[in-house]
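Let me begin by presenting the structure, written as structure tokens, before commenting on it.
The values are calculated or read from the model by the stated rules, or taken from the named source; none is laboratory data. As the structure is a prediction and not an experimental result, all values here were calculated from the model. Note that each Cβ is placed from the backbone with ideal geometry, even for glycine, and that neighbours are counted across all protein chains shown. What goes into the accessible areas is simple: the full protein's heavy atoms, side chains included, and nothing from ligands, DNA or RNA. Shrake-Rupley method; radii C 1.70, N 1.55, O 1.52, S 1.80 Å.
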Amino acid sequence: MPPLTLHWFLPTNGDGRQLVGGGHGVGTGSAGSIRPASLPYLTQVARAAEQVGFTGALTPTGAWCEDAWLTTAMLVAHTERLKFLVAFRPGSISPTLAAQQAATYQRHSGGRLLLNVVTGGESKEQRAYGDFLDKDGRYARTREFLQVVRALWRGETVDLDGGHVHVEGAFLDRLPEPVPPVYFGGSSPVAGEVAAEHADVYLTWGEPPAQVAEKIEWIRKLAADRGRTVRFGIRLHVITRDTADQAWTQAESLLTALDPATIEKVQAGLAASESEGQRRMRALHNGVHGGTAKSLEIAPNLWAGVGLVRGGAGTALVGSHTEVADRMSEYHEAGIDEFVLSGYPHLEEAWWMGEGVMPILRRRGLWEPPAGGGVTTDAARTVPFASLEGRR
């Protein structure tokens, strides 16, 4: 099996030591420092991810966060090799402009762009951006959009009079080098069709391994029917510590800090979601709360507590470094090639992953750090004053 590729997450909606605050339209109503998504702070997170050995970092899209294109373009100058998995929505710009932006990004960054195409799961939010298509219409447009972008990246001149995309004589004067890989997710039947036709990496949220394996086989067959192969990635949060008890204590701390009223508010909103993936996330916990963190363990070391107050990816790997590595190995055996991980706060949790889990994956032959990345764990450290006695 190919080695794993590991990515981190840039909290462009703000960061902190709790699950809510600084994003998704949810206020904490409690004391505590929220870290604004300033360029200096995001630079710290990006440089930490780069130093410990992550290949790239996902930057989200939506009204609740900073613009992904602009933010990551600024961060390129403050990092050395970290790639940026930029999430964007096809309905907001023309495919020709998007293809041109990607080509420009690749030239100025030295090939550090990855593209996460997000069709948009909520009509209400899409309308705020001037997009009034329904869900099926958005997926149809995404298919046409990617058809044009792919052709432009191949150096073709494109004419398309589609149901949603219209271009005439579209071309790129300079092609991207390398062509950025396209990441794409979605759990509905129409999403699977688009992924099979255009995705380089199909992303799923963190369901239990058996369910993830089913989705992988579904997309793999659809792609094979079109003569294509697809890589697979998974989006998860992570709480990893030196012992399992320490990790679950942290999960318990995150859970007990949540206001039940906030949980009810968020769950009411998520229940109205048009996203099939969001429905599957909610089904993992059914909005149930009030118990211990362990009561929300839906599979070994897989915790559904995050999804009580966060849309999108709602599960976390929780356990000792060895247990987290074991679960990642299990997902890898099911067909997962890439992990997109995050934690609260993102700066500190990147180091927990880098110092705790990634060396284990490396020893098992499952992961190799990119050049210039990875934590050295066997270097001796001098203890201050310990050697002075012998020198007197």
Next on the checklist: Just to check your reading of the model, which residue among Gly233, Gly227 is buried (at least 19 other Cβ atoms within 10 Å of the Cβ), outside any helix (DSSP H, G or I) and of a type in the set (Gly, Ala, Ser)?
Outcome noted: Gly233
Next on the checklist: Could you check the stretch 268-293 and list, in sequence order, the residues that are out of contact with any Pro (no Cβ under 9 Å at 6 or more places or on another chain), assigned to a helix (DSSP H, G or I) and surrounded by fewer than 19 Cβ atoms within 10 Å (Cβ to Cβ)?
Outcome noted: Ala268, Gly269, Ala271, Arg279, Arg280, Ala283
Checklist entry - When only residues in the stretch 152-186 that are in contact with a Ser or Thr (Cβ under 7 Å, 6 or more places away or on another chain) and assigned to a loop (DSSP other than H, G, I, E, B) count, which is modelled with the highest pLDDT? => result Phe171
Next on the checklist: Against the condition at pLDDT 95 or above, in a loop (DSSP other than H, G, I, E, B) and of a type in the set (Lys, Arg), how does Arg81 come out, does it pass?
Outcome noted: yes
Item to check | Residues located in the stretch 236-261, provided they are over 23 Å from Leu341 (Cα atoms) and open to solvent by less than 20 Å² (accessible area, probe 1.4 Å) | outcome: none
Checklist outcome for this item: Just one listed residue, out of Thr72, Thr79, Thr119, Thr59, is crowded, with 24+ Cβ neighbours inside 10 Å and over 17 Å from Pro180 (Cα atoms), and it is Thr119
Checklist entry - Out of all the residues in the stretch 362-373, which are open to solvent by less than 40 Å² (accessible area, probe 1.4 Å) and modelled with pLDDT of 85 or more? => result Leu366, Trp367, Pro369, Pro370
